[in-house]
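The values are calculated or read from the model by the stated rules, or taken from the named source; none is laboratory data. If you're wondering where the values come from, they're calculated on a predicted model, not measured in any experiment. Here the Cβ positions follow ideal geometry from the backbone for every residue, glycine too, while neighbour counts run over all protein chains shown.
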Amino acid sequence: MKNQTNQGFTLLEAMITIAIAAIILVLAVPSYRDVLERNRVREAVESLSSDIKLARTEAIKRSADVTLSVDNTEWCYGIGTGGTCDCTAAVGDADFCNIKIVNGAQFQDITFNGNNVTFEFRRGTPIAVSSSTLSSANYGAQVNINSAGLVTICSSGARSLIHYPECP
């Protein structure tokens with residue numbers, strides 16, 4: 001007579017495996033949410049920083065003053081040579097944002113508080129020093145433009161963003 005061996009799992013083994021997986025999931029979800037929140041703030045900050053640099057470069061390239069216009073109520077900003085932008089205008093509109101428009105809807109749960117900045121075409125310097133703040137529930141950062149037109153980023157939220165120094 002042949003010896004038969006059972007292949008498979010018992011109900012008890014399956015229940016223990018499911019319990020362990022549930023515990024790991026409960027511990028991992030808050031950490032994952034934190035990572036997503038931190039990355040959304042970093043993405044918004046890096047986007048604004050690169051667009052400020054774009055505005056400065058375009059001012060020099062076009063030999064015309066370029067303005068990065070901010071609309072804090074609609075959470076958007078636009079870059080153009082025609083003075084203050086209207087975020088509802090289409091890119092390419094000669095009177096408004098003829099270079100770029102960024103809508104903040106892509107940055108979920110991020111608040112934005114910024115100022116308009118105009119770059120002079122001769123040296124790419126801003127007419128006035130400017131600072132913008134982007135934040136979520138736990139993280140925040142400032143994008144600062146100094147008088148030479150250089151952009152710096154610092155962390156200003158309840159928790160600091162990795163790779164950025166704390167704001168003074």
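Could you list all residues from segment 137-166 that are at pLDDT below 90 and closer than 21 Å to Leu68 by Cβ?
Result: Ser156, single match.
Give segment 42-57 a look and list any residue that's out of contact with any Lys or Arg (no Cβ under 9 Å at 6 or more places or on another chain) and not aliphatic (A, V, I, L, M), or say none.
Arg42, Glu43, Glu46, Ser47, Ser49, Ser50, Lys53, Arg56, Thr57
Counting only residues that are assigned to a loop (DSSP other than H, G, I, E, B), crowded, with 20+ Cβ neighbours inside 10 Å and modelled with pLDDT of 85 or more, how many does segment 95-109 have?
Final tally of qualifying residues: 2.
Suppose the filter is closer than 18 Å to Leu150 by Cβ, modelled with pLDDT of 85 or more, surrounded by 16 or more Cβ atoms within 10 Å (Cβ to Cβ) and in contact with a helix residue (DSSP H, G or I) (Cβ under 8 Å, 6 or more places away or on another chain); does Val66 pass it?
yes
Please work out if Asp34 is part of a helix (DSSP H, G or I), surrounded by 11 or more Cβ atoms within 10 Å (Cβ to Cβ), at pLDDT 90 or above and on the phi < 0 side of the Ramachandran plot.
It is false that Asp34 is part of a helix (DSSP H, G or I), surrounded by 11 or more Cβ atoms within 10 Å (Cβ to Cβ), at pLDDT 90 or above and on the phi < 0 side of the Ramachandran plot.
Any chance you could count how many residues in segment 69-88 are more than 14 Å from Asn98 (Cα to Cα) and either without any contact (Cβ under 8 Å) to a residue 24 or more places away in the chain or buried (at least 19 other Cβ atoms within 10 Å of the Cβ) (or both)?
So the count comes out to 5.
Evaluate segment 73-94: report whether one residue or more is closer than 29 Å to Tyr164 by Cα and in a helix (DSSP H, G or I).
Within segment 73-94, not a single residue is closer than 29 Å to Tyr164 by Cα and in a helix (DSSP H, G or I).
Tell me which residues, restricted to segment 129-146, are touching a strand residue (DSSP E or B) at 6+ places or on another chain (Cβ under 7 Å) and over 17 Å from Asp51 (Cα atoms).
If the condition is that a residue be touching a strand residue (DSSP E or B) at 6+ places or on another chain (Cβ under 7 Å) and over 17 Å from Asp51 (Cα atoms), then Ser135, Asn138, Tyr139, Gly140 are the ones that fit.
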